[in-house]
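Participant: Could you have a look at this structure, given as structure tokens, before my questions?
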Amino acid sequence: MMQLRTRRICTVSLYMIMVLFFFPARCRAQETSTSSTRSPGDGTEAPATGKVLKLDDAIRIALESQPRIKASEQRIRARQALLGQAKSAYYPTISFNNSYRSSTSSGTTKTSIKAFDFVSSAASMNWTIYNFGRREGTVQEAKDNLESERFATQTTTEEVILGVKQAYYRYLQAKALVRVKEDNLCRVFVRGRH
């Protein structure tokens, strides 16, 4: 119990030392910079010289660089390819086959050698007219999977946007709280000097 009380006293003393030694210069600097960056008449601050990241820019950057979104887009492309593959069952398949063979045969005498060339070509076409709904079911399944993947991509995109917005507004909130606390400390310090 005594150690806890001693620790609190040390912490409060440390804060007081920081306020007494470090904040006076900061408050004076803040007073001069505030008077120079205020716009006349409206009480708002002029924009800083550095580039400020806007919410729309943060969302755009997150959408361009988020690996979950890129992976989801690739899954959509894969599902589109599977849909095309399933639709191929509506079309005929055509196959061609060519062969060539050459042979020689000799008779009983050495002077009579005969050469034979064999050439054959074939073409075949298969076309499924009806298979009791199997083809239509496969195509519908591929369409449903593609639509499901599109919804999953939309959900992922919305989650990323929500996360960026939450982080952006938490940052603005923390920044505003720091500014308010600094202003309060400066007021306490200035009031203590007078």
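The values are calculated or read from the model by the stated rules, or taken from the named source; none is laboratory data. The structure presented is a predicted model; accordingly, all values stated were derived computationally and were not measured. Don't worry about glycine lacking a Cβ; one is built from the backbone with ideal geometry, like all the others, and counts go over all protein chains shown. The protein model used for the area step is the full one, side chains on, heavy atoms only, and it has no ligands, DNA or RNA in it. Shrake-Rupley method; radii C 1.70, N 1.55, O 1.52, S 1.80 Å.
Participant: Assuming R0 = 41 Å, can you tell me the calculated FRET efficiency for the pair K165 and N98, based on Cβ-Cβ distance, to the nearest 0.05?
Facilitator: 0.05
Participant: Right, something else. What part of the accessible area of region 51-166, given as a whole %, is carbon or sulfur when the probe is 1.4 angstrom?
Facilitator: Looking at region 51-166 in its full context, I get 55 percent from C and S.
Participant: Let me make sure I get this right: for region 110-194, a, b and c are the square roots of the gyration tensor eigenvalues over alpha carbons, sorted descending. Under 1.5 in a/c it's rounded, otherwise prolate if a/b > b/c, else oblate. Which is it?
Facilitator: oblate
Participant: Given the protein chains as shown and a 1.4 Å probe, how many square angstrom of T128 are accessible, to the nearest 10?
Facilitator: For T128, solvent-accessible area is about 70 Å².
Participant: As a test of reading the structure, rank D57, D144 by solvent-accessible area (1.4 Å probe, protein chains only), most first.
Facilitator: Order by accessible area, largest first: D144, D57.
Participant: Ignoring ligands, DNA and RNA, how do L185, L146 rank by accessible area with a 1.4 Å probe, largest first?
Facilitator: Sorted descending by solvent-accessible area, the residues read L185, L146.
Participant: Sticking with this structure for a sec: Name the residue farthest towards the positive end of the dipole of region 72-194 from the options A152, N184, V119, assuming +1 on Cβ of Lys and Arg, -1 on Cβ of Asp and Glu, about the Cα centre.
Facilitator: Looking along the dipole axis, the top candidate is N184.
Participant: Return P(r) of region 145-185 (all Cα-Cα pairs; 10 Å bins starting at 0; whole %; ordered from short to long distances).
Facilitator: In order of increasing distance, the bins hold 27, 26, 18, 15, 9, 3 percent.
Participant: Given a 1.4 Å probe and the protein chains all in place, what does the accessible area of R170 round to, in Å² to the nearest 10?
Facilitator: Its heavy atoms expose roughly 140 Å² to the probe.
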